[in-house]
Amino acid sequence: MTLLQSCEQDGQKRAAAARAVAEVEDGMVLGLGSGSTAAFAVEALAARIANGLRVVAIPSSGTTATSARQLGVPLTSFAEHRRIDVTIDGADQVERGTLNLVKGLGGALLREKIVASASDRMIVVVDETKLVDRLGGSTPLPVETVSFGWQTMLDRLSALAGFTRI
């Protein structure tokens, strides 16, 4: 990818993130995703907060939490809010026609799923480079496990064609 293509892609991500943040209303509890697109959404959200928007957010990663704090986005937790009005996050791939997603290449898969499942609505922000006819292909499928029973999960995954152990 050339520098010009990278700048154009960032411009698309920034515009899409700003459009998603335009959906946020005063008093909402937000879920904030992770990754580069979510970072643009946090920036756009911070600008709206600076202009008087009152919201709180639950981040899906430590990186997003740090960025939100630095930009003045008030954070909360599931201890205070069990439901999220809307989550804004990106995706690694989106399948045309079905809108099925690949998420989690950035390593926050479990936290992203927890935040998404607590949300009444989810806005997935992507640029055209994330749209594919069929999931997989150029993007590996991320799998996250917990320590209990990981050996059994590894055995099952190893039986799948194309599985690569990292």
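The values are calculated or read from the model by the stated rules, or taken from the named source; none is laboratory data. Source: prediction; values computed, not measured. FYI the Cβ positions are ideal-geometry reconstructions off the backbone, even for glycines, and counts take in every protein chain you see.
Go through the range 1-55 and give me each residue that's among the acidic types (Asp, Glu) and farther than 15 Å from Val126 by Cα.
Correct list: Glu23, Glu25, Asp26, Glu43.
How many of the residues in the range 22-59 are of a type in the set (A, V, I, L, M, F, W, C) and touching a strand residue (DSSP E or B) at 6+ places or on another chain (Cβ under 7 Å)?
Number satisfying all stated conditions: 12.
Would the range 84-102 turn up any residue that is touching a residue at least 24 places away in the same chain (Cβ under 8 Å) and among the basic types (Lys, Arg)?
For the range 84-102, residues touching a residue at least 24 places away in the same chain (Cβ under 8 Å) and among the basic types (Lys, Arg): present.
With the requirement that a residue be hydrophobic (A, V, I, L, M, F, W, C) and modelled with pLDDT of 80 or more, what does the range 114-145 give you?
Once the filter is applied, which keeps residues that are hydrophobic (A, V, I, L, M, F, W, C) and modelled with pLDDT of 80 or more, the range 114-145 yields Ile114, Val115, Ala116, Ala118, Met122, Ile123, Val124, Val125, Val126, Leu131, Val132, Leu135.
For the range 95-140, which positions are among the small types (Gly, Ala, Ser) and either surrounded by 13 or more Cβ atoms within 10 Å (Cβ to Cβ) or in a loop (DSSP other than H, G, I, E, B) (or both)?
Scanning the range 95-140 gives Gly97, Gly104, Gly106, Gly107, Ala108, Ala116, Ala118, Ser119, Gly136, Gly137, Ser138.
State which residue is nearest to Ala18 (Cα to Cα) when the search covers only the range 110-136 and only residues that are out of contact with any strand residue (DSSP E or B) (no Cβ under 8 Å at 6 or more places or on another chain) and touching a residue at least 12 places away in the same chain (Cβ under 8 Å).
Going through the qualifying residues, I end up with Asp127.
Check Arg82, Arg96 and return the single one that is of a type in the set (D, E, K, R) and out of contact with any strand residue (DSSP E or B) (no Cβ under 8 Å at 6 or more places or on another chain).
So the residue among Arg82, Arg96 that is of a type in the set (D, E, K, R) and out of contact with any strand residue (DSSP E or B) (no Cβ under 8 Å at 6 or more places or on another chain) is Arg82.
Cβ-Cβ distance below 7 Å, separation of 6 or more or different chains: which pairs start in the range 56-72 with a residue that is surrounded by 18 or more Cβ atoms within 10 Å (Cβ to Cβ) and end on one that is in a helix (DSSP H, G or I) and of a type in the set (Lys, Arg)?
Ser60/Arg111; Ser61/Arg111
I'd like the full set of residues that are crowded, with 17+ Cβ neighbours inside 10 Å and in contact with a Pro (Cβ under 9 Å, 6 or more places away or on another chain), limited to the range 39-55.
Answer for the range 39-55, where residues must be crowded, with 17+ Cβ neighbours inside 10 Å and in contact with a Pro (Cβ under 9 Å, 6 or more places away or on another chain): Val42, Ile49, Val55.
When the residues of the range 91-105 are filtered to those that are small (Gly, Ala, Ser) and within 9 Å of the chain's Cα centre (by Cα), which remaining residue is farthest from Glu23 (Cα to Cα)?
Gly104
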